[in-house]
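S.K.: If you scroll down you'll find the structure; I have some questions about it.
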Amino acid sequence: RTTRQMNLTDSGRAFYQQSVRILADVLEAEHATSQSHGRLKGHLKVAVPLSFGLMHLGAAISTFLQTHPDIEFDLDFNDRQVDLLAEGFDLAIRIAN
């Protein structure tokens, strides 16, 4: 290396080439997965405060389901704190100060 030029060492060049191959493999795996699973599908269990859910989520979920009809929602409208793991929730929306 000089003040005007930098060159990789042999080990740096080998590291770079291996990194490029790894990233290409990751991109190929992502592409293969997205091709075989192109549509979102599955079950989502969501806890949401009653007032917020009634005021804001109806239209949003309806629009979402038009785009992703293979998603099934299990909505729990309540104001209590849920235990995500113990009760099997995927998501909880809470509003607090």
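The values are calculated or read from the model by the stated rules, or taken from the named source; none is laboratory data. Since this is a predicted model, take the numbers as computed values, not measurements. Here the Cβ positions follow ideal geometry from the backbone for every residue, glycine too, while neighbour counts run over all protein chains shown. Each accessible area value is taken on the protein alone, full model and side chains, heavy atoms only, with ligands, DNA and RNA left out. Shrake-Rupley method; radii C 1.70, N 1.55, O 1.52, S 1.80 Å.
S.K.: Determine ³J(HN,Hα), in whole Hz, for all residues of the stretch 86-96 in sequence, where each value follows from phi through the Karplus function 6.51 cos²θ - 1.76 cosθ + 1.60 and θ = phi - 60°; x replaces Gly and Pro.
M.R.: For the stretch 86-96, the Karplus curve yields 5, 9, x, 7, 8, 7, 9, 9, 10, 10, 8 Hz.
S.K.: Helix 58-67 against the longest principal axis of the chain: what's the angle in degrees, Cα atoms only, rounded to the nearest 10?
M.R.: So the inclination is approximately 50 degrees.
S.K.: Now a separate question. If you take the charge dipole of the stretch 1-90 about its Cα centre, with +1 on Lys and Arg Cβ and -1 on Asp and Glu Cβ, which of 51, 64, 23 is farthest toward its positive end?
M.R.: 23
S.K.: Still on this structure, please answer the following. Can you give the charge dipole size of the chain about its Cα centre, rounded to the nearest 20 debye, using +1 on the beta carbon of Lys and Arg and -1 on the beta carbon of Asp and Glu?
M.R.: Values: 9 positive and 12 negative charges, 137 e Å.
It comes to approximately 660 debye.
S.K.: Okay, next question. To the nearest 500 deg cm²/dmol, what mean residue ellipticity at 222 nm is calculated for the chain from DSSP H runs of n ≥ 4 alone, each contributing -39,500 (n - 2.57), summed and divided by the residues?
M.R.: Theoretical 222 nm ellipticity from helices: -13500 deg cm²/dmol.
S.K.: Turning to a different aspect of this structure: Per the 1.4 Å probe, what fraction of the accessible area of the chain, in percent, lies on carbon and sulfur atoms?
M.R.: Numbers: 4620 of 8120 Å².
That fraction is 57 percent.
S.K.: Could I have the simple spin-label model distance between residue 80 and residue 96, label points 7 Å from Cα toward Cβ, reported in nm to one decimal?
M.R.: 1.7
S.K.: Amide H to amide H, which residues 5 or more places from residue 92 or on other chains are under 5 Å from it, using H placed in the peptide plane?
M.R.: HN-HN under 5 Å from residue 92: 47.
S.K.: Here is a follow-up. Using the reciprocal of the averaged 1/r over all distinct C-alpha pairs, how large is the Kirkwood radius of the chain in Å?
M.R.: Computed over the chain, the radius equals 18.0 Å.
S.K.: Could you pull out every residue, at least 5 positions away or on a different chain, whose amide H is within less than 5 Å of the one on residue 78? Hs are placed 1.01 Å off N in the peptide plane, and Pro or chain starts have none.
M.R.: Excluding prolines and chain starts, which carry no amide H, the hits are 48, 50.
S.K.: Residue by residue through the stretch 75-84, which ³J(HN,Hα) values in whole Hz follow from phi under the Karplus form 6.51 cos²θ - 1.76 cosθ + 1.60 (θ = phi - 60°), with glycine and proline marked x?
M.R.: After applying 6.51 cos²θ - 1.76 cosθ + 1.60, I find 9, 10, 8, 7, 10, 8, 7, 9, 8, 3 Hz.
S.K.: Still on this structure, I have one more. Exposed loop sites here are trypsin sites (Lys or Arg not before Pro) in DSSP loop states with at most 13 other C-beta atoms within 10 Å. What is the longest stretch of the chain lacking them? Provide the component values of the computation, followed by the final result.
M.R.: Working: sites that count: 1, 4, 39, 41, 80, 94.
Longest stretch, sites excluded: 42-79.
S.K.: Mind pulling the angle between the C-alpha long axis of helix 10-36 and the longest principal axis of the chain? Nearest 10 degrees, somewhere in 0 to 90.
M.R.: 30
S.K.: Using a 1.4 angstrom probe, figure out how much accessible area the chain has per residue, in square angstrom, rounded to the nearest whole. Spell out each step's value before the answer.
M.R.: Details: 8120 Å² over 97 residues.
For the chain, the solvent-accessible area averages 84 Å² per residue.
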